[in-house]
Amino acid sequence: MSSISRLASLRARIELPVVRGASGLLEGRHRSIFSGHGQDFDELVEYRPGDDPKDIDWKTSARAGHPVIKRFQKETNLSMVLAVDTGRSMAALTPTGETKAEVALLLAEVIAYLARWRGDQVGLVAGDAERLQQMPPRQGTRHLELLLRRLEADMGLDAPPSDMSRVLHRVLTASARRSLIVVITDEARPGPDAEMDLRRLRTRHEVIVMAVADMRPTELLDHTGLVVDVDGGPLPQFVRHDRAIRREAEEATAARRAAVRAMLRRRGVEVGVATGTADAVDALVDLLRRQRHARH
């Protein structure tokens, strides 16, 4: 599929009620009611101490017999930043047999599609141990298609190792406006080395993490010949069939996932997990719902 047509292709695959539901979960992050001029008129309300006297509607106040002000509603575009892991580990397999990169790209597509639907801005900070690329938050189909195309080009088996700490540190230094930071990586990240950057990000922005699940060692027997270990290639048969080794690998993987979840809980960051492209949209919608509830 051509990257140029990613948003158009997604439109044919995603159901409108899902889009509306996900869009609704973003409401409230960018709407503010204030008194002032130059914005869309909202309503007339009684003047209260602390309101700006310049906003008093004198004709209406004369009719009402008490001071009345015009209240206006300001709609500001929500700024989102995709903080995406483009390291080699994203070329490994998910439980569905897809690559994690495929799932990560779909998640980025859905967020870009929602942004275009709402008129919001999306920026990108993507990288690994050797590369970092950044695109400032902007609106428009052309910008979003370019963002997705650049992201797709950086993912693959020839990529350098992952380093989410570098990615999050760049987001921290590059994003001045309060934004929704959507981190897209796998279940092993962000690691302990990224905790301080996450803590600092949380003081300035909203942060959520969409993790793409790894294929479990116990599932390897069903995928002989496929690349699960991105550094070593296809796993040897004796590893696949050795129950003790697979059990140790499963325990190590579970411990790493638990450590990441514990760190995210300490920092008040909600996380969602997608096992493949089939459940990626539902996982993202569920994460947005939980994040919205956590804010109230």
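All of the numbers you see were taken from the coordinates with simple rules; none came from a lab. What you are looking at is a predicted structure, and each value in this text was computed from that prediction instead of being measured. Note that we place each Cβ from the backbone using ideal geometry, even for glycine, and neighbour counts take in every protein chain shown.
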Can you tell me the FRET efficiency between residue 173 and residue 149 if r is taken as the Cβ-Cβ distance and R0 is 25 Å, rounded to the nearest 0.05? 0.50
Between the alpha-carbon centers of the range 252-290 and the range 151-211, tell me the distance in whole angstrom. 14 Å
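Using a cut-off of 11 Å between beta-carbons, work out the net charge of the residues near residue 166 (Lys and Arg +1, Asp and Glu -1, residue 166 not included).
-4
What does the charge add up to near residue 154, with Lys and Arg as +1, Asp and Glu as -1, over the other residues with Cβ less than 12 Å from its Cβ?
-1
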Taking neighbour Cβ counts within 10 Å as the exposure measure, how do 273, 84, 207 sort from fewest upward? 273, 207, 84
